Structures are given as structure tokens and as C-alpha cells.
Amino acid sequence: MPDTLLSIPDSLAIQEPECAQALREMALTIGAEYRDNQAWQQANLWQRLTESERIVQFRVVWADRDGRPQVNRGYRVQMNGALGPYKGGLRFHPTVNLSILKFLAFEQVFKNALTGLPLGGGKGGADFDPKGKTDVEIMNFCRAFIDGLWRELGPWRDVPAGDIGVGEREIGFLFGRYREIAGQHDGTITGKAHGYGGSWLRPQATGYGLVFFLTAMLRHAAMEIHNQRVAISGSGQVALYAAEQCLKQGMQVVSLSDSDGTLSMPNGLADGLLQEIMECKFRRHGRLRDFAEQKNLTFLTGKRPWGLKADIALPCATQNELSSSDADALLAAGVRVVAEGANMPCEAEAIRKLHTAGVLFAPGKAANAGGVATSGFEMAQNAEHLFWSPGDVERRLRETMDAIHATCVDYSRHAERAEKQVSYVEGANRAAFHKVAAAVLAQGY
Ligand code: NDP
């Protein structure tokens, strides 16, 4: 149980379960240290870090293809701005609610701290379902969303990016409307296409960064990189670019998935096929099931990839997509390393089982931080009115992921406990908490 000093009200667990889950995970890691730290307790730090600085909720009215008004709910959670402007993505998905956005914003604060960049944490989105919508409907929704939010945004204030359901097309529409109303072209939204201010490699950054972090873990544990079999879930931006970087590193990708099921590829995904899947997903917004049917590939309807034979698992779809029984399936399939590409994809009991079984486990706030780090690079390039070269961005991304890995190892207390296995959860949570805590305390109240 979390320390009572780090209380999580019962009502929160009922009303906002995902938010309570993220707080509980942090409380479990930081509890003992918090109990010993008088300065943190006297400053009431836990309450100050777990209460959002500001939450904006607004109505979004947009015109559908028949010109009829439709209504959705938009949000922005500005969780903590002690380290820099609020930074974090926008999610458009029917499941979006305050609990999910608060958990994502809480995680984002600590993830951003790990990047070493001057970024606070936030998250936003809407319960809008982009699936099946025309381009004009998507544009109408994005413009109406910005009409409700733009006053809160600015390059020194709050800088959104993409997340589930918000890719380059949506960012273009959001930025276009922001520019019209704000009357300026600035670094307020990241994830822009390169032609009008985006950073090279921003689309690739989360997936590539995840695999850079993974290879740092493998090197640290003196494990092979080549020919490792990698099961990946999801087929969005994070999953597909993680797959691409796995192939570059000489690994075999044995699965991709979406909410309909899993594409199983026991002999490994070929690069040419991956490029076709990217075309299908990013350009045509198609479904894996239809793609599998056209190409005569094995599609496991309604199944997750976690029973497939693999050495490594990269959950890259959404929160709580890997349960306790999925952890059993991973162990039975021979998985020895799990790194989270998505935010909080693994349930707490699954993480406990994996750790106990000696599986190396990297939490999303460390392993998927390459996306927000590259968003930070985009902000820097926009402020300088310059573009960095693709090689420069990739070098910085690699260095950032290596530095986060080293920080996690440093802050993992495995040495004190005389354990050989690095606890990346402990390392990431402790390092990030210390950094945010110091900034919050320094700034008074
Ligand atoms: P995308 O929208 O590009 O892709 C999401 C993928 O996950 C799709 O394949 C989608 O399938 C699948 N998915 C979504 N919800 C579910 C569900 N309930 N069950 C099964 N599959 C589901 O999103 P991203 O790739 O950008 O984001 C994926 C994860 O990575 C999220 O957790 C996000 O918060 C996290 N992340 C993203 C970053 C980024 O830079 N984009 C940065 C850091 C973290 P379907 O099409 O069927 O819905």
C-alpha cells in the first residue's frame, strides 16, 4: 500500500481510476523516501504535485458532412509548469475523459523532467472519434477545438502536440486555426510538418527513441541486439516507427495490432511490407484486418500479441493493454525485456509479475520520452527561426535516450539492495520526482 503521507482518496480511485493508478505507482516508489524527507513533507509536496495547476474544459461545436452541428467536450490539463511551459499531447478518442487526461498529464510532468529540457507537463484532448470522419469533418473539428483552447496556449505558456488520433493532418488543421486567431506563426504547437516549422524526425521520434532506449538496456545487461524477436502492439505513429527502428537494428518484428486484433508475423516483418503498412495507416487511414486480407497475412481477430513467441515486448497502443494474465502469457512465450512505448500500457500487477520473474522492464515515462524531447527540439528550432538537419536531430535524440537510460540506472537503488537487476521504474520515478520537487520548492508558494 502507498504510504499514508502520500494519500490517494478512495473517491479518486472510484471516480478517476486511471489517475489514481498513476499516482499509486509513483507513491509506491517514492513513499519511503518521502517519509524520511522533512522538507518535502513540510512543503506538502505530494498534494502540490498531484493537484493540477489548472484544468480547462470547453464545448466544441463543429459542422458534420451534412452541415449539422455536433457537440464534443474538449479539455486541457495544465498539470505542473515548474520546469517550463506546459508540454504534452492532445488525444482525440471517444474514451477521453478527465481521469485519463489527468493520469497522462501527471506522467508527462515526470517524463518531461527526465528529458533534461525546460518543459512542464500537460495533456489535453477531446472525446471526438476521428474514425470514419471525412477530411473536412476532421478539419472542422480541429478548428472548433482551437477556438475553445487557443487563449490558454503560447510558446512560453502551453505547447500541445499529437497523441492518439492526432497526427500530422490534425496538427496542420490545429496550427492553421491557431495562427489565424493568434495572428502569429510561432512554436506553440509541435508535430508540425517540416515544411512549415516542424522538426525532422518528430513523427519517428517516440518509436525510434523507444528502440534507442531498448538497445541501451540490452547493452547494459550484456544481451544481444541482433535477431531478437520483438512483439509490438499498436499500428500508429509510435508502433510503426518503433518497428522501423527495430528492423534497422537487425531485430525481427513478429507482430503489430490495432483495436480489431493482431497481425502475426512469426517469420518477421520485411521492410517493404512495413512501408506498405505505413502507407495504409498514415495516408489512407486503413485497417490492419483489411490489409492482412489483401496480402494474405495472418490476422488474429480480437487478440492481443502477448502470447506470440518473442524475446522482447513493446506495448505501443494505449493504457492498460497488458494485464496480469497477459504478463503470464509473455513469460510463457519467453519474453525477457518489456519497454513501454505507450503511456501506462501495463497494469500494476503485470509489472510486478514481470519484475519478480527477472524481466527487464522500462516504464513509458523513460522509454517513450523521445517524442516529447524532439518536440522540445522543435520548440528550440522555432525560437531560433532555424532548422536542424535530420542527422543533428537524430544524434540529439540518441544522446537524450542514452542520458535518460543512464539517469534511470543511477537512481535505481538496486546496488543498495544488492540486486543485479536494474529497476527502471524506481530509477525513472526517483530521478524525475527529485527534479520536479526541487523546482517546485525553489519557486515557493
Ligand atoms: P496513434 O493514434 O497513432 O495509434 C494508436 C494505436 O493504438 C492504433 O493502432 C490504435 O488502433 C491502437 N489503439 C488505440 N486504442 C486502443 C484500444 N483501446 N485497444 C487496442 N488498440 C488501441 O497513437 P500514437 O501511436 O501516437 O500513441 C500510442 C501510445 O503512445 C499512446 O499511449 C500515447 O499516449 C503514447 N505516446 C505517444 C507519443 C507520440 O509522440 N505520438 C509520445 C509518447 C507516448 P485503432 O486504430 O484500432 O484505434
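Each reported figure results from applying straightforward, stated rules to the coordinates on display, with no laboratory input. In this text the structure is predicted, and so the values were computed from the model without any measurement. As a convention, Cβ positions derive from the backbone with ideal geometry for all residues, glycine included, and neighbour counts pool all protein chains shown.
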Item to complete: Give LYS87/LYS192; LYS102/LYS309; LYS87/LYS435; LYS192/LYS303; LYS111/LYS303; LYS111/LYS192 a once-over and call out the pairs whose C-alpha atoms are over 26 Å from each other.
Response: LYS102/LYS309; LYS192/LYS303; LYS111/LYS303
Discussion item. Test of understanding: in a Gaussian network model of the chain with alpha carbons linked when under 10 Å, which of GLN228, GLN381, GLN41 would top the mean-square fluctuation ranking?
Written reply: GLN41
Item to complete: In square nanometres and to one decimal, what's the mean projected area of the convex hull around the Cα atoms of the range 219-308?
Response: 5.8
Worksheet entry | the range 81-192: C-alpha gyration tensor shape, a/c 1.5 cut-off, then a/b vs b/c | oblate
Worksheet item: Taking the range 365-436 on its own, what percent of its Cα-Cα pair distances exceed 21 Å?
Response: 38
Worksheet item: Using +1 on the beta carbon of Lys and Arg, -1 on that of Asp and Glu, and nothing else charged, what's the dipole of the range 21-116 about the Cα centre, debye to 20?
Response: 360
Worksheet item: Using Cα pairs under 8 angstrom and six or more residues apart, how large is the relative contact order of the chain, in percent?
Response: 14
Discussion item. If you filter the range 368-445 for GluC sites (Glu not before Pro), then keep DSSP loop positions with at most 13 other Cβ within 10 Å, what is left?
Written reply: GLU416, GLU419
Worksheet item: Looking at the P(r) of the chain, how many percent of alpha-carbon pairs lie beyond 38 Å?
Response: 18
Fill in: Euclidean distance of C-alpha centroids, the range 313-328 and the range 280-305, integer Å
20
Practice prompt. Run the numbers on the range 1-55 and let me know its relative contact order in percent, using alpha-carbon pairs under 8 Å that are six or more apart.
Written response: 37
Discussion item. In whole Hz and in residue order, list the ³J(HN,Hα) couplings for the range 173-188 that follow from phi through the Karplus curve 6.51 cos²θ - 1.76 cosθ + 1.60, θ = phi - 60°; x for Gly and Pro.
Written reply: 5, 5, 5, x, 6, 4, 4, 4, 7, 6, x, 8, 9, 9, x, 6
Discussion item. Which one, PRO345, PRO118, PRO69, has the greatest fluctuation when you compute a Gaussian network model over the chain with C-alpha springs under 10 angstrom?
Written reply: PRO69
Fill in: For the range 34-76 versus the range 205-244, the gap between their alpha-carbon centres in whole angstrom
31
Worksheet entry | Beta bridges by DSSP in the range 17-174, antiparallel share as percent, to the nearest 5 | 70
Response to the item:
Whole-Å distance linking the alpha carbon centroid of the range 133-183 with that of the range 361-394 is 20
Worksheet entry | Share of alpha-carbon pairs per 10 Å distance bin for the range 275-418, given as whole % | 10, 28, 32, 22, 7, 0
Practice prompt. Return the loop-located trypsin sites (Lys or Arg not before Pro) in the range 4-80 (DSSP other than H, G, I, E, B) with at most 13 other Cβ atoms within 10 Å of their own Cβ; answer none if there are none.
Written response: ARG65
